[in-house]
């Protein structure tokens, strides 16, 4: 490490939006060659502070210093010129273009002769490969981004940030889409960057991860600074209590629901036309039951439930709701059968970014039951009724927002997730499918979603939850179906549920799937 004490100083940063003070005199001091974790509940102001540092927002008050010199950052381009790069939580790759074109977006090398300019593809591919070689990434510079998985898009964004030669890299939930193996790749890259004296600002809700990788930890709450501590002095309990401002003795609410004998939902032999996807999967869910689905990335859990909801085609198999066979060819059919699906990727397949909270809440109900919001005898929409319904679920789920007209994309990840949950609760489903419902949200918002799941189960609904978080899967589920390579490898319930048994089933598939 060099003699410079801080590579970045944000001092008394204040930022106000209509109806909310997002930052109230927040300061952050980052040392070179360290990982500085930034933590807090959704809505604490973490992303707003980073956007001020990255030039996406202009602070109302306060100053920013780089290498001890005060700077005025007017745009992301300006921030990059000053040595700051940012990996956003919500990925924005240009999918029709190649990996190398995404890495050098805005910096594409060109050749020029006789007044004609064209892309220097040889240099583009060579320079991209140099970045991959430096980071030890096995990626093809010529591959189309549209063919990459979400996790590889995340690694692509990390490579792009490093390619700028930045001395400060902001990573916002960088492992939210990564497997355990890919997370280890990221941590190796971070250790390498630290040796090169690069400072990392690391935002994550995964406390184990923070304690493993961080040197310093700053915690924010309600737009204010709680404090900064050496990571070596922190524990899971101290981090959680300082984040939420209270002790949280339990990560999960007490199980107050009791599954009934009555079966609500059954799938028999569901098989994808793609031989590499789900094959011959059968399961059933009872009234008032929380049914977990576990498995490693690539086990086809999401693909299975998307097919159940009519988002994917099936080769064969049957679906039953309340004992009656139903034919679901599209999501409209699923909703009509009182089903709901909260998708894994809220930005890509969940929210309508520029639209308001009200519009995002009502989009399903208004399309499935359009008469609900028509004025009696008139061809007009009853906006009073629409706003009342939207407000009901904004209040019920404690969504932090200035108004119902606020664009959903301006909310924190946890509040966006609550709006999407409100959308589906408004449709009054009997079967609620939740795909990674707490990905990228803080412990407080997680607990609220867990309480909502408990409430749904108490009301006799069936809740189906796909989760990659082992504690969540074990802590919330009455039964767990584990998938491996597109097949059901087993079921666990009661005292048989353990992380060892789940991992064994997730990594090995026997042709005759049996209950363990």
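Residues in region 401-422 that are closer than 14 Å to residue 445 by Cβ and assigned to a helix (DSSP H, G or I): 413, 414, 415, 416, 417, 418, 419, 420, 421, 422.
More than 27 Å from residue 244 (Cβ to Cβ) and either without any contact (Cβ under 8 Å) to a residue 12 or more places away in the chain or assigned to a strand (DSSP E or B) (or both): is that true of residue 65 in this structure? Outline the logic, then answer.
On the way: more than 27 Å from residue 244 (Cβ to Cβ): yes; either without any contact (Cβ under 8 Å) to a residue 12 or more places away in the chain or assigned to a strand (DSSP E or B) (or both): yes.
So residue 65 fits the description; yes.
Quick check, is residue 152 assigned by TED's automatic domain parsing to the domain that holds residue 88, in a helix (DSSP H, G or I) and free of Cβ contacts under 8 Å to residues at least 40 places away in the same chain? Yes; evaluated as a whole, the condition is true for this residue.
Checking region 53-63 against the condition returns a match, with at least one residue being under 28 Å from the mean Cα position of the chain (by Cα), over 24 Å from residue 213 (Cβ atoms) and surrounded by fewer than 16 Cβ atoms within 10 Å (Cβ to Cβ). Quick one: in region 167-181, of everything that is crowded, with 19+ Cβ neighbours inside 10 Å and in contact with a helix residue (DSSP H, G or I) (Cβ under 7 Å, 6 or more places away or on another chain), which residue is nearest to residue 82 (Cα to Cα)? Among residues in region 167-181 that are crowded, with 19+ Cβ neighbours inside 10 Å and in contact with a helix residue (DSSP H, G or I) (Cβ under 7 Å, 6 or more places away or on another chain), the one nearest to residue 82 (Cα to Cα) is 169. Residues in region 464-486 that are over 20 Å from the mean Cα position of the chain (by Cα) and buried (at least 22 other Cβ atoms within 10 Å of the Cβ) were compared, and the one that is modelled with the lowest pLDDT is 484.
Assess whether residue 377 counts as being more than 18 Å from the chain's Cα centre (by Cα) and outside any helix (DSSP H, G or I).
Values: more than 18 Å from the chain's Cα centre (by Cα): yes; outside any helix (DSSP H, G or I): yes.
When the stated conditions are applied, residue 377 passes them.
Among the conditions (1) in contact with a strand residue (DSSP E or B) (Cβ under 8 Å, 6 or more places away or on another chain); (2) surrounded by 24 or more Cβ atoms within 10 Å (Cβ to Cβ); (3) farther than 30 Å from residue 235 by Cβ, residue 100 misses just one, which is (1).
For the residues 78, 42, the requirement of being modelled with pLDDT under 95, assigned by TED's automatic domain parsing to the domain that holds residue 15 and either in a strand (DSSP E or B) or surrounded by 18 or more Cβ atoms within 10 Å (Cβ to Cβ) (or both) singles out 42. Only one of the numbered conditions (1) surrounded by fewer than 16 Cβ atoms within 10 Å (Cβ to Cβ); (2) free of Cβ contacts under 8 Å to residues at least 60 places away in the same chain is not met by residue 27, and that is (2). With the checklist (1) assigned to a loop (DSSP other than H, G, I, E, B); (2) in contact with a strand residue (DSSP E or B) (Cβ under 8 Å, 6 or more places away or on another chain) in hand, flag the one item residue 398 doesn't pass. For residue 398, the exception is condition (2). Among the residues making up region 209-228, those that are modelled with pLDDT of 85 or more and surrounded by fewer than 16 Cβ atoms within 10 Å (Cβ to Cβ) are 212, 224, 227.
Residues in region 424-443 that are surrounded by 23 or more Cβ atoms within 10 Å (Cβ to Cβ) and part of a helix (DSSP H, G or I): 0 in all.
The values are calculated or read from the model by the stated rules, or taken from the named source; none is laboratory data. Worth saying up front: this structure is predicted, and the values here are computed from it rather than measured. Note that we place each Cβ from the backbone using ideal geometry, even for glycine, and neighbour counts take in every protein chain shown.
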